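So the structure is just underneath, and the comments pick up after that.
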Amino acid sequence: SQQGEEDPQALSIQEGENATMNCSYKTSINNLQWYRQNSGRGLVHLILIRSNEREKHSGRLRVTLDTSKKSSSLLITASRAADTASYFCATDAGNTPLVFGKGTRLSVIA
Amino acid sequence: DAGVIQSPRHEVTEMGQEVTLRCKPISGHDYLFWYRQTMMRGLELLIYFNNNVPIDDSGMPEDRFSAKMPNASFSTLKIQPSEPRDSAVYFCASAWRKQKLFFGSGTQLSVL
């Protein structure tokens, strides 16, 4: 399976701190995507990184991809209470649909 | 665009009843996905369509589940008969070439 596995399962930090979440997967991919889910809502796409990219930034988000280790990390800098949510990675191998992990639950305490 | 629209937002039904969930994807998207989310299993892909054609339904739990996409702007997921273990949040998502999925707000299904 190419399912992404997020780590840690849960993370609690103080507002202003950085939050780092990791994702590991098993097979070769075309791209890897990160999504956020607020409680009771659908997932929202955050960022996509292609297999030939190593790092990508979007606002306070920084994503890295290491295809040799089959892993990715999502860094949220200067976290805010509004960042409290679950974060999911999803892998795309091209001819199969996106498969999501179980997510990391992030709590940012004000 | 209003985004992916799902209805109903909440559904409470009794075991054995038929349940129909509806989804209107974003106009112009060529992929539509149905997911189910529970605490125990996370987000499971049930079925997905490309240009209204079902591509992979291997995630559909059993014959009680069926999905249709009669046209590019509408899809249904039907459970008949429903069982308590079907209780979950069901999400519909659409995308252009699977590059970025847009999710609906989900249907919270409770089967008593």
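Remark: spin-label model distance A:GLN9-A:ARG60 equals 2.7 nm, labels positioned 7 Å along the Cα→Cβ axis.
Label-to-label distance for B:ILE5 and A:ASN52 is 4.0 nm, based on points extended 7 Å past Cα in the beta-carbon direction.
Taking other residues whose beta carbon is less than 13 angstrom from the beta carbon of B:ARG22, and scoring Lys, Arg as +1 and Asp, Glu as -1, yields +3. Per-residue shielding of A:35-48, expressed as the average number of other chain Cβ atoms within 10 Å of the residue Cβ, stands at 4. Per-residue shielding of B:29-35, expressed as the average number of other chain Cβ atoms within 10 Å of the residue Cβ, stands at 1.
Within the same chain, aspartates and glutamates fewer than 8 places from A:LYS69 are excluded, and of the rest, those with a Cα less than 16 Å from its Cα are A:GLU5, A:GLU6, A:ASP7, A:GLU53, A:GLU55. Look at the dipole of chain B built from charges on Cβ: of B:PHE65, B:GLY16, B:ILE47, the Cα furthest out on the positive end belongs to B:ILE47. Summary value for chain B: 38 percent relative contact order, contacts being C-alpha pairs under 8 angstrom separated by 6+ residues. Under 5 Å between amide hydrogens, built in the peptide plane, is the criterion, and for B:ILE5 it picks out B:LYS24 among residues at least 5 positions away or on other chains. Note: relative contact order over chain A, using C-alpha pairs below 8 Å and six or more positions apart, is 38 percent.
If R0 is taken as 35 Å, the Cβ-Cβ distance between B:GLU83 and A:SER39 corresponds to a FRET efficiency of 0.85. Evaluating 6.51 cos²θ - 1.76 cosθ + 1.60 at θ = phi - 60° for every residue in region A:71-88, the Karplus couplings come out as 8, 9, 10, 10, 10, 10, 8, 6, 4, 10, 4, 5, 7, 4, 4, 9, 10, 10 Hz, glycine and proline recorded as x.
The listed peptides B:60-72, B:13-25, ordered by packing as a protection proxy, come out as B:13-25, B:60-72 (highest mean of other Cβ atoms within 10 Å first). Per-residue mean of foreign Cβ neighbours for A:96-104 is 6 (Cβ atoms of other chains, 10 Å radius). Each of A:SER68 and A:SER107 was given a label point 7 Å from its Cα along the Cα-to-Cβ line. The distance between the two points is 3.8 nm.
Taking 17 Å as the cut-off, the amide N atoms of region B:77-112 that come nearer than this to a point 7 Å along the Cα-to-beta-carbon line of B:GLU62 belong to B:78-88, B:111-112.
A short reminder: the numbers here are calculations on the coordinates, not readings from a lab. All values reported here derive from a predicted model rather than from experimental measurement. Here Cβ is always computed from backbone atoms with ideal geometry, including for glycine, and neighbour counts include all displayed protein chains.
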